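For reference, the structure discussed in these notes is given below.
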Amino acid sequence: MSRLVVISNRLADPRKSAAGGLAVALGDALARTGGLWFGWSGTVTADGTPGEGALQTHQAGNVTLATVDLCQADHAAYYQGYANSVLWPVLHYRLDLADFSANYSEGYRRVNQMFARKLLPLLREDDVIWVHDYHLIPLAAELRALGCRQRIGFFLHVPVPPPLILAALPQHEWLMRSFFAYDLVGLQSEADVVHFTRYMVNEAQAQELGGQRLRAFNATVRVAAFPIGIDVQEFQRLGRAPDAVQTCEALRAEYSRRQLLLGIDRLDYSKGIPHRVRAFRQLLERYPENEHSATLVMIASPSRDDVHAYADLRQELEGLCGAINGDYGDLDWMPLRYIHRTVARKRVPGLCRAARVGLVTPLRDGMNLVAKEYVVAQEPEDPGVLVLSRFAGAAEQLKEALLVNPYDTQGMADAIQTALRMPLSERQWRHERLMERIQRHDVHWWRNSFLQALRDEAAPPVTAPAGAVAAS
């Protein structure tokens, strides 16, 4: 069996379940092949030369973890700059929040070139390479330029916007051309595949060959949807553990006279959290029977607090939450509990199980695994109801959720009311079908499907697609 090499911006020890389902899923495949996981160490050095970083390797069982430090200039341009201030907002349809500073793209390319140079000597001839996410889009092109011939696949965890939004990226031609250095590009949803294909055909004059393949720049790439799942059995085990059980029991005891609504997110402008709060206010205004009855527990873990857009979001959210509690709260009822800190993962299944309604309402999301975790945490004999944004990638699979438009706060309020009043038989019917799909397309299915498709692809050419790598 060929060795698996995983490249991602950050690494996790695959032996630790706290690392999450993705790390565990990748860890299984890495462990079976004695694999290599390569990425940024998370360390930013005070001094250092841009484009040069120290390589460290250590073992996690039979998996080799290889990491590279970044100097401050590379971290600022590659990670804080191009990845998170340009690509993240653009890929989430927020051109208004993007910072198109020219030096960001230079730093992004410089770090990808460095990663390629550091990785190449660690590779074996028959390795299968799997690159992850928007931080590393040009990595395959840089590897090909150095003579790498191994199969290389790429998976994008975030959405693909329509072609005209992609075309707003300065130098978008270079970035998108880099995809043709891969053998397989995996996306979260069929909608993403449509947007990606339309861009390549309209902007890059790519030829559609059939079989999900596109050809341009003297190279061929297959593009397909591989919707990521969760580790269902691991999450169910977590839900039976003492921390989750105690969390659920404590919430049910404290809110025995209430119906709980739950939202769990990172504090990010893509998550639609202020829209959700406004919808909850609409619920209380339009359906006054929910006063002293419905309570929204909203957990928004810290995220990039040093970025102005996130600081502004936090200030807006705290104002909205305070206004609802001030206008509707009473001595014995606080309508909204807002928590701005990270809640331990071991408590998440208990939180989900105690909630009558799960609110997953991003403005745009690649997938959103919280939606799947909420469903899995429910008790089949008395399940809660998932209210899900139609703009989350998960909506393509989870059609039995109540799908909403997060920009329509009145419509969201009506959907929440429907969820709160839904008969038991309908809740059971919806939950059964959602569970069937989540179990069938779990994280192991995702991993195996992608890797099998990658291994099925023909060996690539030695050279990168024409023009994919700029001259040094």
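Residues of the range 318-346 with an amide N closer than 14 Å to a point placed 7 Å from the Cα of A250 along the Cα-to-Cβ direction: 343-346. When Rg and the Kirkwood Rh are both derived from Cα coordinates, the Rg/Rh ratio for the chain amounts to 0.98.
Between rounded, prolate and oblate, where does the range 27-98 land on the alpha carbon gyration tensor, with a ≥ b ≥ c its root eigenvalues, rounded for a/c under 1.5, else prolate if a/b exceeds b/c? Write down the numbers at each step before the final one.
Numbers: a/c = 4.43, a/b = 1.49, b/c = 2.98.
Note, shape of the range 27-98 comes out oblate.
The Cα atoms of the range 1-132 cover 45, 33, 27 Å along the three principal axes, with the biggest extent listed first.
Straight Cα distances below 19 angstrom link K271 to the aspartates and glutamates D96, D133, D192, D305, D306, D312, E316, E318, D365, E373, E396, D408, with same-chain residues fewer than 8 positions distant left out.
All other residues whose Cβ lies under 13 angstrom from that of T33 are scored, Lys and Arg at +1 and Asp and Glu at -1, for a net of +2.
Can you tell me which of 411-423, 338-350 comes out highest on packing, and rank the rest after it, using the mean Cβ neighbours within 10 Å? Let's see the in-between values first.
Details: 411-423: 18.5, 338-350: 16.4.
Listed from highest to lowest mean packing, they are 411-423, 338-350.
Once the Cα-Cα distance is subtracted from the 0.36 nm per residue extended length, the H58 to N325 segment shows a gain of 91.0 nm. A simple count of charges around F115, restricted to other residues whose Cβ falls under 14 Å of its Cβ and scoring Lys, Arg +1 and Asp, Glu -1, yields +1. Averaged per residue, the chain has 40 square angstrom of accessible surface, using a 1.4 angstrom probe with ligands and nucleic acids left out.
Subtract the Cα-Cα distance of Q233 and D13 from 0.36 nm times their separation in residues, and report this length gain in nm to one decimal. 77.2 nm is the gain from fully extending Q233 to D13. Among beta bridges from DSSP that stay inside the range 152-254, the antiparallel ones total about 50%.
Probe radius 1.4 Å, ligands and nucleic acids left out: which of T220, T33, T295 has the largest accessible area, and how do the rest follow?
Numbers: T220 55, T33 25, T295 0 Å².
Of T220, T33, T295, the descending order of accessible area is T220, T33, T295.
Full extension of the chain segment joining R286 with R257 gains 8.4 nm, where the gain is 0.36 nm per residue of separation less the Cα-Cα distance. For the range 123-191, taking Cα atoms only, Rg and Dmax work out to 12.8, 40 Å respectively. Between D243 and D96, the simple label model (points 7 Å from Cα in the Cβ direction) yields a spacing of 3.9 nm. Simple spin-label estimate for D408 and M1 gives 4.8 nm between the two label positions (7 Å along the Cα-to-Cβ direction from each Cα). Here is the P(r) of the range 172-253: all C-alpha pair distances, binned every 10 Å from 0, give 16, 35, 13, 12, 15, 9, 0 in whole percents.
Taking label points 7 Å from Cα along the Cα-to-Cβ direction, W429 and R149 give a separation of 5.9 nm.
For the peptides 433-446, 354-367, what is the packing order when you average, over each peptide's residues, the other Cβ atoms within 10 Å and list the highest mean first?
Numbers: 433-446: 18.3, 354-367: 25.6.
Order by mean packing, descending: 354-367, 433-446.
Peptides 122-134, 184-196, 161-173 ranked from most to least packed give 184-196, 122-134, 161-173, packing being the mean of other C-beta atoms within 10 angstrom over each peptide's residues. Scaling against 2.2 N^0.38 Å puts the C-alpha radius of gyration of the range 228-322 at 1.30. Seen against the Cα atoms of the chain and their longest principal axis, helix 424-440 is set at about 10 degrees.
Between the alpha-carbon centres of the range 101-150 and the range 198-251 there is a gap of 21 Å.
Rolling a 1.4 angstrom probe over the chain with all protein chains present gives an accessible area of which 49% lies on carbon and sulfur atoms.
The values are calculated or read from the model by the stated rules, or taken from the named source; none is laboratory data. Note that the structure is predicted; figures quoted are calculated from it, not measured. Backbone-built Cβ (ideal geometry, glycine too); neighbour counts: all protein chains shown. With ligands, DNA and RNA removed, areas are computed over all heavy atoms of the protein, side chains included. Shrake-Rupley method; radii C 1.70, N 1.55, O 1.52, S 1.80 Å.
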